[in-house]
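S.K.: Handing you a structure now.
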Amino acid sequence: MSDNRVKVYSFPRPESARVPSPSPFVLKLETYLRIAKIDYYCDHSSKFSKKGKLPWIQYDGDEISDSTFCIEYLEKKFDRYLNADLSDEDKAISRAFIKMVEENTVWATLGQGRMVENFSWFLSQLRVPKALHFVLKMTLRRRTIGNMYAHGIGRHSHQEIHNIAESDLQACSKLLGTKVYFMGNKPTIIDATMFGFLAQLAYLMPDGHWTTALVNNNFTNLRDYCERMKREFWPDWSHPLKKDESEK
């Protein structure tokens, strides 16, 4: 019997991790699927797409790479347009903030905070054997630093990068305000993106890290937002393995 669920190719989901996925883009895609009420399961084999990217999906004989393209495909395939009720202005604001987070904030926070400042800690959270830490430091970490330099943000001092991150998070906090979701009382695509990203800062950074302190102390509405999203869409937050391929 064929399985008509969406198959999501992802990174491994370590049992020790404090989030279902250490990737903001995987968590974004899974959160969209949950908001849109589209049934799916995960393959955590780290099998990359033809574009060399994770996450990606298979459905109905199609293979779609990149979380944004996956969501656009799923919207059309399942007729689940979360932004349908937004005005054109709100759609433009939503897209601008999504791109800020995905193309800038992620480097200033997760890139800097995990890969540059706390790489060994991050590997330990993923339960990577210590014997591999040095090799990954010389390859993965070095490549990330090179990508940050090519992006431009890696050319700044650590304090300047911290300031960029704080300004971006402040903007997110101002946009959210006292609303339930980023664009109002109904979840939209920006919520999948924001939660996928903000949850990393709230739940999977070193204790007392400056990014977590910003969320917990400076912009508390972002932390409250993460808690609401967890309750609403991730009741299995601590035990999401039912979405694994082994359960299909």
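The values are calculated or read from the model by the stated rules, or taken from the named source; none is laboratory data. The model shown is predicted, which means the values in this text are computed figures rather than measured ones. Neighbour counts are summed over all protein chains in view; Cβ atoms, including those assigned to glycine, are modelled from backbone coordinates with ideal geometry. Note: accessible area is taken over every heavy atom of the protein model, side chains too, but ligands, DNA and RNA are not part of it. Shrake-Rupley method; radii C 1.70, N 1.55, O 1.52, S 1.80 Å.
S.K.: Which one is farthest from the chain's Cα centre (by Cα) among residues in the stretch 179-200 that are over 15 Å from E227 (Cβ atoms) and of a type in the set (S, T, N, Q)?
M.R.: Result: N185.
S.K.: Name the helices (runs of 4 or more DSSP H) wholly inside the stretch 111-219 in which the number of residues that are open to solvent by less than 70 Å² (accessible area, probe 1.4 Å) and β-branched (V, I, T) is 3 or more. Don't jump to the end; show me each part of the working.
M.R.: Details: elements: 119-125, 133-136, 142-151, 158-176, 189-203, 210-213.
Counting at least 3 such residues, we get 189-203.
S.K.: Next question. What tally of residues in the stretch 64-77 results from selecting those that are hydrophobic (A, V, I, L, M, F, W, C) and either part of a loop (DSSP other than H, G, I, E, B) or open to solvent by 50 Å² or more (accessible area, probe 1.4 Å) (or both)?
M.R.: Residues of the stretch 64-77 hydrophobic (A, V, I, L, M, F, W, C): 64, 69-71, 74.
Still in the running and either part of a loop (DSSP other than H, G, I, E, B) or open to solvent by 50 Å² or more (accessible area, probe 1.4 Å) (or both): 69.
Total satisfying the criteria: 1.
S.K.: Sort out which residues of the stretch 185-228 are without any contact (Cβ under 8 Å) to a residue 12 or more places away in the chain and either out of contact with any Leu (no Cβ under 8 Å at 6 or more places or on another chain) or on the phi > 0 side of the Ramachandran plot (or both), and write them in order of number. Don't jump to the end; show me each part of the working.
M.R.: Restricting attention to the stretch 185-228, the residues satisfying the condition of being without any contact (Cβ under 8 Å) to a residue 12 or more places away in the chain are 185, 207-208, 212-213, 217, 220, 224, 227.
N185, D207, G208, A213, N217, T220, D224, E227, listed by residue number.
S.K.: Working carefully through the options D90, D60, find the one that is out of contact with any strand residue (DSSP E or B) (no Cβ under 7 Å at 6 or more places or on another chain), modelled with pLDDT of 95 or more and open to solvent by 40 Å² or more (accessible area, probe 1.4 Å).
M.R.: Numbers: D60 fails: modelled with pLDDT of 95 or more.
Just one listed residue meets the conditions, D90.
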